Amino acid sequence: MSRNRSTGVIAAFALSALALTGCAASADATDSGDAGTPDASTITLYTSEPQEKIDAIVAAFTEQHPEITVDVFRAGTGDLTARIAAEEKSGDIGADLLLAADAGTFEDYAERDLLLEYESPEAAAINQDLVDPEHFYVGTRVLPTVVAINTNVITEAPDSWQDLTDPEYAGKIAMPNPDVSGAAAYNAAVWLDNDDLGMTWLEGLAANQPLIAESNGPVSQAVADGSSPVGIVVDSLVRDLAAAGSPIEAVYPEEGVPFVSQPVGIFADTAEPEASQLLVDFLISKEGQEIAASQSYLPIRDDVESPEGAPATADITLLTPDLETIRASQADAVETFNGLFQ
């Protein structure tokens with residue numbers, strides 16, 4: 001389905017007009033002796049980022065831009081998309097930006113004219129696979145889903161997704177709920193679309209009766225405390241817990257790993273486009289990506305090193321299915337998953 005570009009065009013005209021107004025205002029400010037004083041603004045960010053991590057990002061951003069206040073509403077991706085759907089229906093989305101989920105979610109929003117077209121000057125320096133060609137959103141990190149093991153319990157780690165269907169793992173696996181986790185919903189569609197995995201693998205996994213936790217956080221905790229010594233979870237959480245001393249380790253299965261890029265996009269009806277754009281710039285800038293790496297995420301820039309103990313992104317086999325296929329099948333994939341596991 002092709003996108004309706006009317007929002008981008010309208011936004012471009014609106015921004016041009018705003019820029020002209022800003023120039024006039026700047027001239028007026030110069031005449032009155034107030035040149036160089038930025039206007040204070042407040043922007044609202046919807047995000048699924050853990051609170052401590054988004055607080056650190058916002059603190060670093062506001063240190064650069066003290067004139068901008070960032071109000072954060074944090075929730076799971078499923079809750080955020082439900083909230084946005086309700087707000088869209090009422091005609092008033094309560095956020096200026098969204099930082100969450102996967103590219104498919106943002107593709108849906110772009111097609112519905114909910115996003116502002118914006119090409120960040122920082123986008124040229126990042127992995128171009130993560131940049132929307134029409135610039136409605138941009139990825140901010142690479143979040144692979146891996147197999148996590150408790151090293152005190154699992155002495156011989158599985159090295160493939162297929163290994164998890166072995167009866168020896170019955171009752172030992174935890175994984176996140178795709179109704180709550182955007183990454184888990186995306187993964188369900190990717191696994192079903194994969195010729196090496198598909199329905200046969202998913203049925204074999206279900207036969208081992210995994211614990212379905214609400215999100216990735218509880219899955220990683222279950223692995224760390226040994227209550228579920230094997231987990232299917234995003235790799236950054238594994239590194240966080242390992243750094244804190246937990247007996248947990250990430251395994252990147254040989255078939256390849258699905259991943260999401262936690263895109264950021266600006267809502268088209270934002271009243272603060274310039275301030276919102278500055279936050280997008282910061283997230284994918286070198287400083288923003290250094291913060292991401294310090295928070296255990298794989299960075300999207302070649303000039304920023306991976307976190308300690310993490311492989312370089314180039315050394316990981318990433319599953320990169322056709323995005324349109326995944327978008328078209330994701331709802332059915334989640335329904336299939338729920339039928340098998342719940």
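The values are calculated or read from the model by the stated rules, or taken from the named source; none is laboratory data. Keep in mind the model is a prediction, meaning the values are calculated, not measured. In this analysis, Cβ positions are derived from the backbone assuming ideal geometry, glycine residues included, and neighbour counts consider all displayed protein chains. Calculation scope for accessible area: heavy atoms of the full protein, side chains included, ligands and nucleic acids excluded. Shrake-Rupley method; radii C 1.70, N 1.55, O 1.52, S 1.80 Å.
Working out 0.36 nm times the residue gap between ALA243 and GLU203, then minus their Cα-Cα distance, what length gain in nm do you get to one decimal? Intermediate results must be reported in sequence, preceding the final value.
Values: separation 40, 0.36 × 40 = 14.40 nm, distance 3.41 nm.
Extending this stretch completely gives an extra 11.0 nm.
With every protein chain left in place and a probe of 1.4 Å, what is the accessible surface of ASP55, to the nearest 10 Å²?
80 Å²
As I understand it, the dipole of the chain uses +1 on the Cβ of Lys and Arg and -1 on the Cβ of Asp and Glu, about the Cα centre. Which of LEU205, PRO321, GLY339 lies farthest toward its positive end?
Of the options given, the answer is GLY339.
Hey, can you rank 245-252, 256-263 by average C-beta count inside 10 Å, highest first?
Details: 245-252: 19.0, 256-263: 24.8.
Final packing ranking: 256-263, 245-252.
Contour minus end-to-end for ALA60 and GLU88, with contour as 0.36 nm per residue of separation and end-to-end as the Cα-Cα distance?
On the way: separation 28, 0.36 × 28 = 10.08 nm, distance 3.07 nm.
Extra length from ALA60 to GLU88 when fully extended: 7.0 nm.
Sorted from largest down, give the three principal axis spans of the alpha carbons of the chain, whole angstrom values.
77, 42, 32
Largest first, how would GLU134, GLU308, GLU335, GLU324 line up by accessible area (1.4 Å probe)? Walk me through the numbers on the way to the answer.
Values: GLU134 40, GLU308 180, GLU335 130, GLU324 80 Å².
Ranked from most to least accessible, the order is GLU308, GLU335, GLU324, GLU134.
According to the Cα gyration tensor, what semi-axes, each the square root of 5 times an eigenvalue, does the equivalent ellipsoid of the range 219-342 have, listed from largest to smallest in whole Å?
Details: eigenvalues 151, 109, 47 Å².
Equivalent-ellipsoid dimensions as semi-axes: 28, 23, 15 Å.
Which three numbers, in whole Å and largest first, are the semi-axes of the equivalent ellipsoid of the range 278-342 derived from its Cα gyration tensor as √(5λ)? Show your work: numbers first, answer last.
On the way: eigenvalues 198, 49, 33 Å².
Result for the range 278-342: semi-axes of 31, 16, 13 Å.
Radius of gyration and Dmax for the range 79-174's Cα atoms, expressed in Å?
Over the range 79-174's Cα set, Rg and Dmax evaluate to 19.5, 54 Å.
Order 211-220, 89-98 from most to least packed using the mean count of other Cβ atoms within 10 Å. Walk me through the numbers before you get to the answer.
Values: 211-220: 21.7, 89-98: 16.6.
Most protected by this proxy first, the peptides run 211-220, 89-98.
How big is the dipole moment of the chain about its Cα centre under a simple scheme where the beta carbon of each Lys and Arg is +1, that of each Asp and Glu is -1, and everything else is neutral? Debye, nearest 20, please. Intermediate values should be presented prior to the final figure.
On the way: 13 positive and 58 negative charges, 100 e Å.
For the chain, the charge dipole is close to 480 debye.
Express the C-alpha Rg of the range 185-287 as a ratio against the empirical globular expectation 2.2 N^0.38 Å, rounded to two decimals. Each step should come with its number before you reach the end.
Working: Rg = 18.0 Å, N = 103, 2.2 N^0.38 = 12.8 Å.
Relative to the rule-of-thumb radius for its length, the range 185-287 sits at 1.41.
Using a 1.4 Å probe and ignoring any ligands, DNA or RNA, find the accessible area of PHE136 and quote it in Å² to the nearest 10.
10 Å²
Would you kindly state how much longer the chain becomes between THR155 and GLN51 on full extension, computed as 0.36 nm times their sequence separation minus their alpha carbon distance, in nm to one decimal?
Contour length minus Cα-Cα distance gives 34.1 nm.
Over 23 Å, how big is the tail of the calculated P(r) for the range 139-249, in percent of all Cα pairs? Working shown, then result.
On the way: 1304 of 6105 pairs.
Distances greater than 23 Å cover 21 percent of the Cα pairs.
Given Cα positions, please report Rg to Rh for the range 185-243, the hydrodynamic radius being the Kirkwood one.
Result for the range 185-243 is an Rg/Rh of 1.01.
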